[in-house]
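For reference, the structure discussed in these notes is given below.
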Amino acid sequence: HGWLQSPTPNYHEELYLELLKEHTELQHAFQRSQLDHRLMERLDHELVLASAQNKELKKALKQAVAVGKAAKVNSKMSAQVQECQAREAALQTENLELREQNELLEFRILELENISARGSLLDTCDACTDTDGIMDSNESSLHPIRDYMSDADLGVYDLVM
């Protein structure tokens, strides 16, 4: 009956607390990705507005040139077009960065879900116990889940922890 014994008296409680911690981290990562998603939607809307304004200013600039307006008007409108183009470029850059950050957060959520799923299998894993059901001192770990993670998983796990 040695294989039915837990490695430590508090094994299930420790495993439950670790899984609860990972669940909480998953919830926080999900909330951050939701905030990033809303921010990206707002930036998309601002980008559409800036693009529309840019088109209007370009059209107005062409009309002003065609009519032969004064150089001062052309200069002012040209500066406005340049400002709009700069704003549009900045919004596009920010939008791209937020999309990449959102993808990274979604990847982290998936990784944490995988880690959590692996963690729930630890209580049935024969590798966690020796023949008499007691864990050797060199096998113990503050983070038993880390022992089953690849280098890529560890990188994401350490970033989230």
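Could you pull out the residue among L47, L26, L43 that is hydrophobic (A, V, I, L, M, F, W, C), in contact with a Ser or Thr (Cβ under 8 Å, 6 or more places away or on another chain) and under 30 Å from E97 (Cβ atoms)?
From the options L47, L26, L43, the qualifying one is L26.
Quickly run through the range 59-72 and pick out the residues that are open to solvent by less than 60 Å² (accessible area, probe 1.4 Å) and assigned to a helix (DSSP H, G or I).
If the condition is that a residue be open to solvent by less than 60 Å² (accessible area, probe 1.4 Å) and assigned to a helix (DSSP H, G or I), then A60, L61, A64 are the ones that fit.
What do you reckon, is L43 touching a residue at least 24 places away in the same chain (Cβ under 8 Å), closer than 30 Å to S78 by Cβ and open to solvent by less than 100 Å² (accessible area, probe 1.4 Å)?
Yes; evaluated as a whole, the condition is true for this residue.
Please work out if Q101 is over 17 Å from the mean Cα position of the chain (by Cα) and either open to solvent by 60 Å² or more (accessible area, probe 1.4 Å) or touching a residue at least 24 places away in the same chain (Cβ under 8 Å) (or both).
Here the answer is no, as Q101 does not meet what is asked.
Give just the number: which of (1) among the charged types (D, E, K, R); (2) surrounded by 14 or more Cβ atoms within 10 Å (Cβ to Cβ); (3) farther than 27 Å from N114 by Cα does E56 not satisfy?
Going through the list (1) among the charged types (D, E, K, R); (2) surrounded by 14 or more Cβ atoms within 10 Å (Cβ to Cβ); (3) farther than 27 Å from N114 by Cα, E56 breaks only (2).
For A79, are the conditions met, namely being free of Cβ contacts under 8 Å to residues at least 12 places away in the same chain, open to solvent by less than 50 Å² (accessible area, probe 1.4 Å) and part of a helix (DSSP H, G or I)?
So A79 passes the test.
Could you tell me how many of the residues in the range 29-43 are within 19 Å of E111 (Cα to Cα) and among the hydrophobic types (A, V, I, L, M, F, W, C)?
2
Within the group L96, L112, which residue is under 30 Å from L20 (Cα atoms), of a type outside the set (D, E) and either part of a helix (DSSP H, G or I) or open to solvent by 50 Å² or more (accessible area, probe 1.4 Å) (or both)?
Only one candidate passes the filter, namely L112.
The values are calculated or read from the model by the stated rules, or taken from the named source; none is laboratory data. Treat the numbers as computed from the prediction; the structure is a model and nothing was measured. Glycine also receives a Cβ, built like all others from the backbone with ideal geometry; neighbour counts cover every protein chain displayed. Only protein heavy atoms, including side chains, enter the accessible area calculation; ligands, DNA and RNA are left aside. Shrake-Rupley method; radii C 1.70, N 1.55, O 1.52, S 1.80 Å.
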